[in-house]
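The values are calculated or read from the model by the stated rules, or taken from the named source; none is laboratory data. None of these values were measured; they are calculated from a predicted model. Cβ placement follows ideal geometry from the backbone for every residue including glycine, while neighbour counts extend to all protein chains displayed. In case anyone asks, the SASA skips ligands and DNA or RNA and just uses the protein heavy atoms, side chains included. Shrake-Rupley method; radii C 1.70, N 1.55, O 1.52, S 1.80 Å.
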Amino acid sequence: ALLMALTWGQQMGFTEPAILALFAAWLLFLAIFLLIEWKSPQPMIDLNLFRNSLFNINLITGLIIFICMAGTIILMPFFLENVLGYDTRAVGFLLAIVPISMGIVSPISGALSDRFGTRPMTVLGLAVLVVGFFAVSTLSTETTALGYVLRFLPIGVGIGMFQSPNNSAVMGAVPPTRLGVASGLLSVTRTLGQSAGIAALGALWASRVIYRVGTAPVGGATAAPAAIQVAALSDTFGVTVVLTCLALLLAVWALVQERRRRRLAEPAQPH
């Protein structure tokens, strides 16, 4: 219901009764699901896990980053082809910069998190992501291939630095008997974040195009003038900057809380 509302709302308008009914159905079914899970002796998701605030923060920050990342991936081909005029092969090579940099950085980040802890690495990765999304918000009709790569490289590096330590932090925050459930929740945040990010940020970009044109362009948002599409992209990536900053603040708070708990748990030293 949520994904249909986000998707169909782009064409019908988010104030249409059918779209509002889908949002209401989403909230209703979510509440029913939580009630069933809370009362079930063998729940699919043990809601007691969410009593751990640090566990919640790891899931929330992961969800936010997957939303921002998926929205970015879905919009970039339109920008590279419609605005900059690259062919399909060149677009594929340019889009590969993020997964390649992630693949290089992730193992290094995992090793560093084993040595220095997961929280500092997640904070550092999110800080790099803030820089990356801010850089992407400055894309223009004059952006070169090198300019694109330099803007997106911090995003790949930041996700590579963030994802492995964040996954480790989630798994380390639950008892051994709940590792399977924690792993499933990681998968849920990834798939839900990607699906919601594509729908929500795609809808945001399309709505900003319509707002700047003044009416729905014939042929859809991708048929709008290049300058309008880029301006709408800047607005959309401004939202991803805000979301990533929120994730960074949550991660910093979690780092402070974790260190405070560690100090309180240390035995007092004799004088």
Subject >> Selection within the range 1-10 - of a type in the set (A, V, I, L, M) and crowded, with 18+ Cβ neighbours inside 10 Å >> reply: 2, 5, 6
Subject >> Leading residue by the ranking (modelled with the lowest pLDDT) among those in the range 152-178 that are aliphatic (A, V, I, L, M) and within 18 Å of residue 63 (Cβ to Cβ) >> reply: 173
**OP:** Just name the residue that is nearest to the chain's Cα centre (by Cα) out of those in the range 11-39 that are β-branched (Val, Ile, Thr) and open to solvent by less than 90 Å² (accessible area, probe 1.4 Å).
**Re:** 19
Original post:
In this structure, does residue 70 turn out to be open to solvent by less than 30 Å² (accessible area, probe 1.4 Å), of a type outside the set (Lys, Arg) and under 25 Å from residue 238 (Cα atoms)?
Top reply: yes
Subject >> Exclusive hit being modelled with pLDDT under 90, more than 20 Å from residue 86 (Cα to Cα), part of a helix (DSSP H, G or I) and aliphatic (A, V, I, L, M), set 209, 252 >> reply: 209
Original post:
In the range 34-41, is there at least one residue being in contact with a Gly (Cβ under 6 Å, 6 or more places away or on another chain), assigned to a helix (DSSP H, G or I) and either of a type in the set (Phe, Trp, Tyr) or modelled with pLDDT under 90 (or both)?
Top reply: no
